[in-house]
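See structure below.
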Number of protein chains: 2
Amino acid sequence: MEQVKNALISKNIKPTYQRLEIYKYLRNNRNHPTVDMIYESLLKKIPTISKTTIYNALETFVEKGLVMPIVITGTEMRYDANASKHPHFLCEKCGKIIDIDLECRYIGKMNVRGNIINEMHCYLRGICQNCNNSGH
Amino acid sequence: MEQVKNALISKNIKPTYQRLEIYKYLRNNRNHPTVDMIYESLLKKIPTISKTTIYNALETFVEKGLVMPIVITGTEMRYDANASKHPHFLCEKCGKIIDIDLECRYIGKMNVRGNIINEMHCYLRGICQNCNNSGH
DNA sequence: GTATCTGCAAAACATTTGCAATTCT
DNA sequence: AGAATTGCAAATGTTTTGCAGATAC
């Protein structure tokens, strides 16, 4: 509880009620939610919350490095309370996105033909453990 | 010319006039275009073409494995006539997306805690050679 | 002639913007 | 009071859908 509040304060983000609830959702639901998923869930607790507020809060969180935006499906953004670099895994069957414990590397240098590489993003596709087991 | 047509036929895609032009555009412009970029360019040659047709054609191309959809920005899809796996580089300054000659690997196995990995996608971010040179 | 493909118009989503009301200090 | 935040309503941008007419085999 206090931990969540301090996480915001330590990143210089004013801990308003809405921001705390949004961040708490992200910490408790490690499902890389869309804005809509967050919205639908918070509506139960905060019936007056608006999507604009969620967009605003997430923008702030990303700017301050508290939250990592992730792009996999192409049509919608997803967000991860784990802001450190790590790869994601998309299940091609159920569409779920999970964290995966792998190290991704590129073989080469920081400078490729004059292009300076700052960071690498990677995600993996396949069949998740759950879908794989229910398949037989 | 015939090559373009045969590329479609060999993937079991009927080579209509519009599809040929869309695929030709992708072959000639290796800039990972958006639907809108393809549309605006083809309008000059085919004033009656519609975005729906471009969406339809690209969907077919992707299904048949002729074209690779790429997801980097999160707001729009981009397409690449090179359907073989290779990483992309996004310039954080000019927004250009280019192919980059690097090998990406993950350190680990095909099966991570029951999740079966089929493929890996990766992209890199940084400053492109062009922006880097014009900077000083 | 029957399947498929094209393209218009409208709908469906995701996101952004303008702004007035609210909240916090 | 003053600055930041919230949330409504409208606008924007991308993609999807329904469907009638055109095209191809």
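Within the stretch B:62-91, restricting attention to residues that are within 16 Å of DNA strand C (Cβ to nearest atom) and more than 12 Å from chain A (Cβ to nearest Cβ), the residue that is nearest to the chain's Cα centre (by Cα) is B:V67.
Pick out the one residue from B:N31, B:N118 that is more than 14 Å from every other protein chain (Cβ to nearest Cβ) and closer than 29 Å to A:E119 by Cβ.
Details: B:N118 fails: more than 14 Å from every other protein chain (Cβ to nearest Cβ).
It is B:N31.
Restricting the search to strands (runs of 3 or more DSSP E) fully inside the stretch B:68-124 and requiring at least 3 residues that are at pLDDT 90 or above gives B:68-70, B:78-80, B:88-91, B:97-99.
Kindly provide the set of residues from the stretch B:28-49 that are among the β-branched types (V, I, T) and touching a strand residue (DSSP E or B) at 6+ places or on another chain (Cβ under 9 Å), ordered by number.
Residues satisfying the conditions are B:T34, B:V35, B:I38.
Any chance the stretch B:45-61 includes a residue that's surrounded by fewer than 14 Cβ atoms within 10 Å (Cβ to Cβ), away from chain A (no Cβ under 14 Å) and away from DNA strand D (no atom under 13 Å from the Cβ)? Scanning the stretch B:45-61, I find at least one residue that is surrounded by fewer than 14 Cβ atoms within 10 Å (Cβ to Cβ), away from chain A (no Cβ under 14 Å) and away from DNA strand D (no atom under 13 Å from the Cβ), so the answer is yes. With the structure loaded, tell me whether B:I100 is touching a residue at least 24 places away in the same chain (Cβ under 8 Å) and either more than 7 Å from chain A (Cβ to nearest Cβ) or aliphatic (A, V, I, L, M) (or both) or whether it fails that test. The answer is yes for B:I100.
Residues that are under 22 Å from B:T75 (Cα atoms), within 18 Å of the chain's Cα centre (by Cα) and among the β-branched types (V, I, T) do occur in the stretch A:94-101, at least one of them.
Here A:C94 meets the list (1) more than 7 Å from chain B (Cβ to nearest Cβ); (2) buried (at least 20 other Cβ atoms within 10 Å of the Cβ) almost entirely, failing just condition (2).
Scan the stretch B:1-53 for residues that are within 12 Å of DNA strand C (Cβ to nearest atom) and either of a type in the set (G, A, S) or not in a helix (DSSP H, G or I) (or both) and the total you get is 11.
The values are calculated or read from the model by the stated rules, or taken from the named source; none is laboratory data. Every value quoted in this text rests on a predicted model; they were computed, and no experiment measured them. We place every Cβ from the backbone using ideal geometry, glycine too, and count neighbours over all the protein chains shown.
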